[in-house]
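The values are calculated or read from the model by the stated rules, or taken from the named source; none is laboratory data. Since the model is a prediction, treat every value here as computed from it, not as a measurement. Cβ placement follows ideal geometry from the backbone for every residue including glycine, while neighbour counts extend to all protein chains displayed.
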Amino acid sequence: MMMKIFRHLPLLCWRSFVATEYTFTVLAVTVLAATERSRSAAYRRFFANCLLPAIFVMLSVVEAFPQSLTNTAHIKNDAGVYIVCPQHFTNNINGNIQNDGNIYVGGNFINNSAFNSGNASNVKLNGTTQDIGGTSSPLFNNLIIDGSDNKTISIHTSIADSLVFNANKVVVTNQNLILLPNATIAGADNSRFIVTNGIGNVVKKSLPVSANFLFPVGDAINSYKPAIINYTGTIDTFTVRVETGVSPTTGVDATCVQNTWVIEESNTGSTNATLNLGWNSTDEGSSFVNSITTIWQNNSGAWTSIAGTPGSISNTPATEWYHEATGIIDFSNVSNRFILKTFPPPIIIKQPVNDTTCAEGLLNFNITAAAMGTIIYQWQENCGSGWNNITDDAVYSGTTSNNLDILNATTSNNLCQYQCIVSNESGAVVTDSATAIVNPIFLIHESVEICYGDTFEFNGNSYTTEGTYYDTLVSVNGCDSVIETSLIVHSVYSISNPQTICSGNTYVYNGNTYTETGTYYDTLISITGCDSIIVTELTVNPVYSINNLQTICNGGSYNFNGNSYTTEGIYYDTLVSINGCDSVIITELTVYPVYSISNPQTICNGSSYTINGNSYTTEGIYYDTLASINSCDSVIITELTVFPVYSISNPQTICNGSSYTINGNSYTTAGIYYDTLTTVNGCDSIIITALTVDSLSSEPTIIIASQNPVCSGTQINLSVADGSLGTGATWIWYEGNCGSSQTGTGNNIPVTPTVTTTYYVRAEGICNNTNCIDITINVNQNLPVSISISTSDNTICSGTEATFFANTINGGLNPTYQWIINGAPVLNANDSVFSSSTLSNNDTISCSVISSEACAVPQNEVTSNTLSIQVTQIVSPVINITSNPVFPICQGTSVGFLANPINGGFNPSFQWYVNNVYSGSGVNFTPNGLSNNDQIFCILNSTLACVSSSTAQSNLVLATINPFPLVAVSLQKESCYGAGDASISLNITQGKPPYSIFWDNVTGQNNLETLSNLGSGTYNVTVTDNESCSIDTSIFISQEGTGCLFIPNVFSPNNDGKNDVLYVRGGNIQSLIFNIYDRWGNKIFETNNQNFGWDGTYNGNPLNAGVFVYYLKAELYNGNNIEDQGNITLLK
C-alpha cells in the first residue's frame, strides 16, 4: 500500500483495528512542519484522537501497534511537534530517529539504533513504571521524569542539556547516567533523585569550576544521600554513586553513617575540592554522634579523617544533616571512597605503670596518647575514698600534662592509685590505673637487758656497759633502717633464808624438798633475769600424841578444845607445844541410842484409849517416856484417831403412785423415816428420810391468738385456754415442731412471726409431760417503702429553673409526699414532681413519703436521698498574659508567653496574635523570631457555662529586644613558643555601652579590651553591655613551632609559695639535661624532667644563699639543639 500525505490535505488517522499487529507501509522520508498555530493545534488534536505516534509523515516501513510505536525506518520530528506514545516507544535495528520536537512516552523507551536529539528537543517519561533500555545508548537533550512511578535505566544514557525531575526517581542500578559538559539537573530533592543501587554512576562531564554542583543520589528508593562538589583546578569528569554500608570496614562501623560515597575524577592532580555530604538520622550507626562527625577518605585501603571542624549542620528539607570538608586534592581510583564518621576520642598508646620510691623520694607516672584536635590531660588520685582530680602544688607537678611527678612522696601516698583522663573535642578516655609504692625509712627503738659480766652483740659490735647505741641497716626495700639500742646491765644477788619445821613436815623451796636439819643452797632467776642465790638454814622440832576415850547418849554432845562432837567416831584435836609443834589429843567417842516407838490407835466418838496409866478420849498424838539399859530414854508415840457417829438428812420426792425404798424399807406416803447403818469404821450412821409425793399435769386442748392473720414482724400473744399443771410443771412453747425449737414458757407468750408459722405447747413437769397442741399463724409479707429523687442537672446558672423527680417503691395507691429544701418543708410541695427557679448555691433538696400500703415498712414517713445543687453565678472571663523572661530581652533569647485566665473554665482555648496576625494556640506560646516593638495579645475562649461573654482579649505586651554586642578580635601570636608575648585586642560595637568584659582564665584583667604578655592557648571572654546582653567568644592563640627556653637567674626557696623551686621554663622541649654546680664545681642537682625543679637543697639539706652555675642541654621537637650555661642566685 502506498500513500503520500501533503501539508494541505485533510488530517487522517491510522488506527489498528484489533489488539494484534497491523503493518502499514508508505513511502515517506520527512515529517512536514506545521508552521501555522492553527495547524499545530490540529496536529496535537490529531495525536490525541489517534493515540498513535503517527503524524503528517512520509513513512518507509512503519509498523504500528495500538498505543505503541516500533520504528524500523527513519523518523524526523520537527521542533514544536509532539509525538505522544501512551505505551512503549521502540527504535528498532535499522531505525533512525531525529528528534527536534517533543516525544511523550507512557511505556518503556527502547533504543536499538540511532536516536539523535536536537538542542531544543524533549523526551518526557510520564507513565507508571518505565525503563530506558535497548542495545544502543540514547542521547537526550532534555530528559523529563514525570508520571506516577519510578524509572529505571538498563543502558548507559546521556543527557546534553538537562535532567528535569517533575516527580519520582531514576534507578540506574548497573548503568551510567551521563551528564554532558553543559548538562544540568533541575527539580531534584529528597523525593526526586537518582538511585545508585548497583555499580552504576552519575557521570558529570566537565564539572563546573568554583561552583557547587549537586549530585542528587541515594542508595535506595527512600534513602536520599546528596553529594555537592565545589572544586578548583583543571576541568575534569567526575563519577558519583552512593552505596549501602561502610566499605571497606573501619572496624568501628557503628560510629559511621551506614553509607559509602564513591567519587572519582578521570584526571587526577591539580584539584582542590570542597565536598558536602547529606544524610538522615535513620542512616546513623548505633554509636554515631552527629555533633562530632567528619568526612573520612579511604586512601589505598586506609581510612583517614579530612581536616575540618567536627559537627553537623541541619540540612532540612533536603536531608536532616550535612557535613562539609575542604582541601580534598585526590579523587583517584585508590582514594575515591568517602564516609561520614564520628570524630574519634583519644587513643592511649602507652599506659602508666606502677612506680616505687623511698619516703621523701620522687614518683613519676607518664602516658602517651594520640588524638585528633587538642588533647587535654587531667590526672586523678584514689587513696581509698574514690577518684579525685589533683592540681599542681608543692606535691604534684604536671597534673594537666602527660607526665605526673609526685615530689617528696610520703607514706600517705603508698598504695594510692593514679590515672589520667585524656580528652579532646570528641570525648574522654581513662587510662589504666598505676599504683604508687612508697617504702618507709624506719627508725626502730630496741631495749636490751643483760646481767653483769655478760656481752650484747649486734651488727658486728659488742656492748658490755649500760648506754644507748645506734646501728644503720638497709631494709629489704632498699631504704634506711636505723636501730637505736638502749642497753641495761642488771646486778647478781646472794640472800640468807633461815627456816624451822616440825618433825614429819617438809620445807619446799625452788622445787627442792627438805625434811632434816641442815644448810641448803638454791639458785633463782631475779626479776631482771639474773642469778639470786638463796642460803637456807633448816631446824626440825618434835611432835606429841595423847588417847582420850568418851561415851554419850544419842542427842547429847561431847565438848573438847572448843569443839563439840555429837556422833560416834575418833576425833583429833591439835594443841601447840612450847616449840610451836603439834600435840595431838585422840578422842574415841561412843554414842548410845535413844528409842522412839510408833503406836497408832483408833476409837469411835465417845470411847477412850489407856497406856502407861494414861487415858485418852480425843484425837491427837501422845508421848510416854521409859528408861533403856544404858540409861538412855525410850519414847512411846501414840497417834489416836477418833471416828465420828453420823446422822444424815435424806429428803426425797416421788410422783403420786410411786414408792421410795432404803435399807430394805419401802415408803409410798409422805412423811419422815429413820434407818440406822454401820460405817466402814464400825461406827453408827442414822439416815433421816423426808418423803414428798408430787401431783400430775392434765392435757390442754385450746390455744388462743390475739390476732391472726398478721403482717410480717407484728407481735401478738398466744395463750393456753384449758388444762392444768402438776407439781413443778410449766407450759413449754415450740415453733415448727413439737419439742424442736423452744419459743417460750408460761401460759401466755408474745411472738413476732415474719412468715406463716405453726406454734406448739405442752405441760412439762417432774412427774409427766402432756401431749402438744398447736396453732398456725398466717403472715402477710411486709412491703419495704423507699424513695429516691433525681434531677436533670445538678449544676445550673443563677435564675434557671431546676426540676426534681421522686421515685417511690411500695408507696401504695395514694402516697403522701413532702418536698424539703435545706431541711425545711416546702409549702404546697406535695407531688412527685417539684420545680423551683429560686434555688441558691449548695441548697439541699430531699423528699419524704408516707405509704398507703397496709403492710408498709415503716408505717411512718421515709426520707429520700439528698441532692446538693450547684448554682453558678454569671461571671465574665478575663485573661492576662506574661512573658518569661520579662522584656526587655536580648536578641536571640527564646521567650515564652503564659496565659493566665480567670473564669476560663476547664480546658479553655487560646488564640495568640502577633501584630494582629494569628500565630498559635495553647496556654503557653513561644513565637518564632520576634522583632523589636512587636505587639502580642491573646484571645480567651471560655468553656464555662455561666458567663456573660464566651471570649475575652488579654492585655497587650510590647516586645523590647536589644541587640548583642558585636566583638571583633585581632591577635598577635608569640614570637616563639613559650615567650609569653602574645596579645589580644577586642573591638566592641553594637549593643548599649558601657561594656563589662570578663576573661575567665586570665586573673586580674577584667574590663580590659587589650591583653598582653600572653602565651599560646585558648582564652575565653564574655562581653556584657549595659542591657545585660552577653556574648561569649573563644580566642585561640596557636603554638609557634620554635621553642623559647628561659631559666630564671634568681629564686628564693623560703617556703613562702613564691619562686620556691627553680624550673627550666619554655615549651616544645623533647628532652633536656639540666645540672647545677656550686662554686667549687660540685654537682649539687641534676634532672632530665622539665617538671622536676631544684628546691635549693643538697642531699635534703637547705643550702645557704649564694651564686651557683647551671648547665643546660636541650633538644626541641622541631629538631633544634640548645646548649646554655649561666649563673643562678639563691636568696633567703
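Regarding ILE178, is this residue more than 59 Å from the chain's Cα centre (by Cα), hydrophobic (A, V, I, L, M, F, W, C) and surrounded by 20 or more Cβ atoms within 10 Å (Cβ to Cβ)? Before the answer, list the steps.
Details: more than 59 Å from the chain's Cα centre (by Cα): no; hydrophobic (A, V, I, L, M, F, W, C): yes; surrounded by 20 or more Cβ atoms within 10 Å (Cβ to Cβ): yes.
When the stated conditions are applied, ILE178 does not pass them.
With respect to the numbered conditions (1) under 30 Å from PRO1048 (Cβ atoms); (2) in contact with a strand residue (DSSP E or B) (Cβ under 7 Å, 6 or more places away or on another chain), which one is the sole condition not fulfilled by SER954?
(1) is the only condition that SER954 fails.
Could you please let me know if LEU1062 is more than 49 Å from the chain's Cα centre (by Cα), surrounded by 13 or more Cβ atoms within 10 Å (Cβ to Cβ), in contact (Cβ under 8 Å) with a residue 60 or more places away in the chain and assigned by TED's automatic domain parsing to the domain that holds ASN1118? Working first, answer last.
Values: more than 49 Å from the chain's Cα centre (by Cα): yes; surrounded by 13 or more Cβ atoms within 10 Å (Cβ to Cβ): yes; in contact (Cβ under 8 Å) with a residue 60 or more places away in the chain: yes; assigned by TED's automatic domain parsing to the domain that holds ASN1118: yes.
Yes, satisfied.
Looking only at residues that are in a strand (DSSP E or B) and among the aromatic types (Phe, Trp, Tyr) in the stretch 991-1034, which one is farthest from ILE961 (Cα to Cα)?
Of the stretch 991-1034, the ones in a strand (DSSP E or B) are 996-999, 1010-1014, 1017-1024, 1030-1034.
Add one more test, that the residue is among the aromatic types (Phe, Trp, Tyr), and what stays is 998-999, 1019.
Numbers: PHE998: 23, TRP999: 26, TYR1019: 29 Å.
Top of the filtered list is TYR1019.
Do any residues in the stretch 376-405 that are in contact (Cβ under 8 Å) with a residue 24 or more places away in the chain and farther than 13 Å from SER433 by Cβ have Cβ atoms under 8 Å from those of residues that are part of a strand (DSSP E or B) and among the hydroxyl-bearing types (Ser, Thr, Tyr), where the two are at least six apart or on different chains, and which pairs are they?
ILE376/SER423; GLN378/SER423; THR400/TYR377; SER401/TYR377; ASN402/THR368; ASN402/TYR377; ASP405/TYR396; ASP405/SER397
Any residue in the stretch 69-84 that's under 14 Å from VAL105 (Cα atoms): show its pairings with residues that are in a loop (DSSP other than H, G, I, E, B) and polar (S, T, N, Q) at Cβ separation under 6 Å, as long as the two are six or more apart or on different chains.
Hits for this filter: THR70/ASN92.
This table checks each residue for (1) polar (S, T, N, Q); (2) assigned by TED's automatic domain parsing to the domain that holds ASN612; (3) touching a Pro at 6+ places or on another chain (Cβ under 9 Å).
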site	(1), (2), (3)
GLU639	no, yes, yes
ASN650	yes, no, no
ILE654	no, no, no
GLY664	no, no, no
THR668	yes, no, no
TYR674	no, no, no
VAL680	no, no, no
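Considering only the stretch 665-711, how many residues are in a strand (DSSP E or B) and under 30 Å from ILE775 (Cα atoms)?
Pass one, the stretch 665-711, residues in a strand (DSSP E or B): 665-667, 671-678, 684-694, 703-705, 710-711.
If we keep only those that are under 30 Å from ILE775 (Cα atoms) as well, we get 703-705, 710-711.
So the answer is 5.
Of all residues being crowded, with 16+ Cβ neighbours inside 10 Å and not hydroxyl-bearing (Ser, Thr, Tyr) in the stretch 333-342, which is nearest to ASP236 (Cα to Cα)? Just the residue, please. I'd like the intermediate steps shown before the answer.
So the first thing to find is which residues in the stretch 333-342 are crowded, with 16+ Cβ neighbours inside 10 Å, and the list is 335-342.
Subsequent filtering for residues that are not hydroxyl-bearing (Ser, Thr, Tyr) retains 336-341.
Details: ASN336: 15, ARG337: 18, PHE338: 19, ILE339: 22, LEU340: 25, LYS341: 28 Å.
Out of the qualifying residues, it is ASN336.
Take residues that are of a type in the set (A, V, I, L, M) and tell me which of the strands (runs of 3 or more DSSP E) falling wholly in the stretch 914-980 contain 3 or more.
Working: elements: 917-921, 935-941, 951-953, 966-972.
Result: 935-941, 966-972.
Could you check the stretch 619-636 and list, in sequence order, the residues that are under 30 Å from GLY606 (Cα atoms) and in a strand (DSSP E or B)? Please lay out each step first, then the result.
From the stretch 619-636, those under 30 Å from GLY606 (Cα atoms) are 619-626, 635-636; that's our starting set.
Across the stretch 619-636, the qualifying residues are GLY620, ILE621, TYR622, TYR623, ASP624, THR625, LEU626, VAL635, ILE636.
Can you find even one residue in the stretch 113-120 that is crowded, with 17+ Cβ neighbours inside 10 Å and at pLDDT 95 or above? Don't jump to the end; show me each part of the working.
Within the stretch 113-120, the subset crowded, with 17+ Cβ neighbours inside 10 Å is 113, 115, 117.
Now narrow it down to the ones that are at pLDDT 95 or above: none.
Within the stretch 113-120, none of the residues are crowded, with 17+ Cβ neighbours inside 10 Å and at pLDDT 95 or above.
Does SER851 satisfy the condition of being touching a residue at least 40 places away in the same chain (Cβ under 8 Å), within 26 Å of THR808 (Cβ to Cβ), of a type in the set (S, T, N, Q) and surrounded by 12 or more Cβ atoms within 10 Å (Cβ to Cβ)?
Values: touching a residue at least 40 places away in the same chain (Cβ under 8 Å): yes; within 26 Å of THR808 (Cβ to Cβ): yes; of a type in the set (S, T, N, Q): yes; surrounded by 12 or more Cβ atoms within 10 Å (Cβ to Cβ): yes.
Answer is yes for this residue.
Is it the case that some residue within the stretch 732-748 is in a strand (DSSP E or B) and within 30 Å of LEU867 (Cβ to Cβ)? It would help to see each step written out before you state the result.
Restricting attention to the stretch 732-748, the residues satisfying the condition of being in a strand (DSSP E or B) are 732-735, 741-745, 748.
Next, from what is left, pick out any that are within 30 Å of LEU867 (Cβ to Cβ): none.
So far as the stretch 732-748 goes, no, none of its residues is in a strand (DSSP E or B) and within 30 Å of LEU867 (Cβ to Cβ).
Does at least one position in the stretch 358-367 carry a residue that is part of a loop (DSSP other than H, G, I, E, B) and farther than 16 Å from ASN1089 by Cβ? Spell out the reasoning first.
At the first step, the residues of the stretch 358-367 found to be part of a loop (DSSP other than H, G, I, E, B) are 359-362, 367.
Now restrict to residues that are farther than 16 Å from ASN1089 by Cβ: 359-360.
Checked the stretch 358-367: at least one residue is part of a loop (DSSP other than H, G, I, E, B) and farther than 16 Å from ASN1089 by Cβ.
So which residues in the stretch 688-709 are surrounded by 14 or more Cβ atoms within 10 Å (Cβ to Cβ), among the β-branched types (Val, Ile, Thr) and at pLDDT 90 or above?
THR689, ILE703
I'm checking my understanding of the structure. Among residues of the stretch 854-874 that are in a loop (DSSP other than H, G, I, E, B) and of a type outside the set (S, T, N, Q), which one is surrounded by the most Cβ atoms within 10 Å (Cβ to Cβ)?
Here is the first cut: in the stretch 854-874, the residues in a loop (DSSP other than H, G, I, E, B) are 854-855, 858-861, 864-866, 873-874.
Now drop any that are not of a type outside the set (S, T, N, Q), which leaves 854-855, 858, 861, 874.
Numbers: ALA854: 11, CYS855: 18, PRO858: 11, GLU861: 16, ILE874: 12.
The extreme case among them is CYS855.
It is to be established whether one or more residues within the stretch 761-775 are more than 27 Å from THR653 (Cα to Cα), part of a strand (DSSP E or B), out of contact with any Leu (no Cβ under 7 Å at 6 or more places or on another chain) and at pLDDT below 90.
no
Test of understanding: among SER158, SER137, which residue is within 23 Å of PRO216 (Cβ to Cβ), surrounded by 18 or more Cβ atoms within 10 Å (Cβ to Cβ) and small (Gly, Ala, Ser)? Outline the logic, then answer.
Details: SER137 fails: surrounded by 18 or more Cβ atoms within 10 Å (Cβ to Cβ).
Criteria check complete, one pass: SER158.
Here are some conditions: (1) touching a Gly at 6+ places or on another chain (Cβ under 7 Å); (2) buried (at least 23 other Cβ atoms within 10 Å of the Cβ); (3) closer than 21 Å to ILE199 by Cα. GLY278 meets all but one. Which one does it not meet?
Unmet for GLY278, out of (1) touching a Gly at 6+ places or on another chain (Cβ under 7 Å); (2) buried (at least 23 other Cβ atoms within 10 Å of the Cβ); (3) closer than 21 Å to ILE199 by Cα: (1).
Give me a count of the residues in the stretch 639-664 that are part of a strand (DSSP E or B) and surrounded by fewer than 11 Cβ atoms within 10 Å (Cβ to Cβ).
3
Checking the structure you have, find out if any residue of the stretch 209-226 is buried (at least 20 other Cβ atoms within 10 Å of the Cβ), in contact with a Leu (Cβ under 8 Å, 6 or more places away or on another chain), of a type outside the set (S, T, N, Q) and not assigned by TED's automatic domain parsing to the domain that holds TYR104.
Within the stretch 209-226, one or more residues are buried (at least 20 other Cβ atoms within 10 Å of the Cβ), in contact with a Leu (Cβ under 8 Å, 6 or more places away or on another chain), of a type outside the set (S, T, N, Q) and not assigned by TED's automatic domain parsing to the domain that holds TYR104.
Is it the case that some residue within the stretch 595-605 is part of a loop (DSSP other than H, G, I, E, B), in the same structural domain as SER631 (by TED's automatic domain parsing) and either surrounded by fewer than 13 Cβ atoms within 10 Å (Cβ to Cβ) or more than 60 Å from the chain's Cα centre (by Cα) (or both)? Please lay out each step first, then the result.
Step one: filter the stretch 595-605 for residues part of a loop (DSSP other than H, G, I, E, B), giving 605.
Right, trim to in the same structural domain as SER631 (by TED's automatic domain parsing) and you get 605.
Subset that is either surrounded by fewer than 13 Cβ atoms within 10 Å (Cβ to Cβ) or more than 60 Å from the chain's Cα centre (by Cα) (or both): 605.
Yes, there is a match, as at least one residue in the stretch 595-605 is part of a loop (DSSP other than H, G, I, E, B), in the same structural domain as SER631 (by TED's automatic domain parsing) and either surrounded by fewer than 13 Cβ atoms within 10 Å (Cβ to Cβ) or more than 60 Å from the chain's Cα centre (by Cα) (or both).
Among the strands (runs of 3 or more DSSP E) confined wholly to the stretch 270-342, which include 1 or more residues that are of a type outside the set (Val, Ile, Thr) and farther than 25 Å from VAL203 by Cβ?
Working: elements: 271-279, 293-299, 302-305, 321-328, 337-342.
The qualifying strands (runs of 3 or more DSSP E) are 302-305, 321-328, 337-342.
Anything in the stretch 369-420 that is farther than 30 Å from TRP303 by Cβ, surrounded by fewer than 19 Cβ atoms within 10 Å (Cβ to Cβ) and of a type in the set (Val, Ile, Thr)? List them, or say none.
Matches in the stretch 369-420: ILE390, THR391, VAL395, THR400, THR410, THR411.
Quickly run through the stretch 297-332 and pick out the residues that are exposed (fewer than 12 other Cβ atoms within 10 Å of the Cβ), closer than 27 Å to THR237 by Cβ and either of a type in the set (S, T, N, Q) or touching a strand residue (DSSP E or B) at 6+ places or on another chain (Cβ under 6 Å) (or both).
Result: SER300, THR304.
Condition (residue is out of contact with any strand residue (DSSP E or B) (no Cβ under 7 Å at 6 or more places or on another chain), part of a loop (DSSP other than H, G, I, E, B) and more than 17 Å from GLN1090 (Cα to Cα)) applied to the stretch 368-381: is it met by at least one residue? Spell out the reasoning first.
Taking the stretch 368-381 first, the residues out of contact with any strand residue (DSSP E or B) (no Cβ under 7 Å at 6 or more places or on another chain) are 373-374.
Now drop any that are not part of a loop (DSSP other than H, G, I, E, B), which leaves 373-374.
Subsequent filtering for residues that are more than 17 Å from GLN1090 (Cα to Cα) retains 373-374.
Checked against the condition, which is being out of contact with any strand residue (DSSP E or B) (no Cβ under 7 Å at 6 or more places or on another chain), part of a loop (DSSP other than H, G, I, E, B) and more than 17 Å from GLN1090 (Cα to Cα), the stretch 368-381 yields at least one hit.
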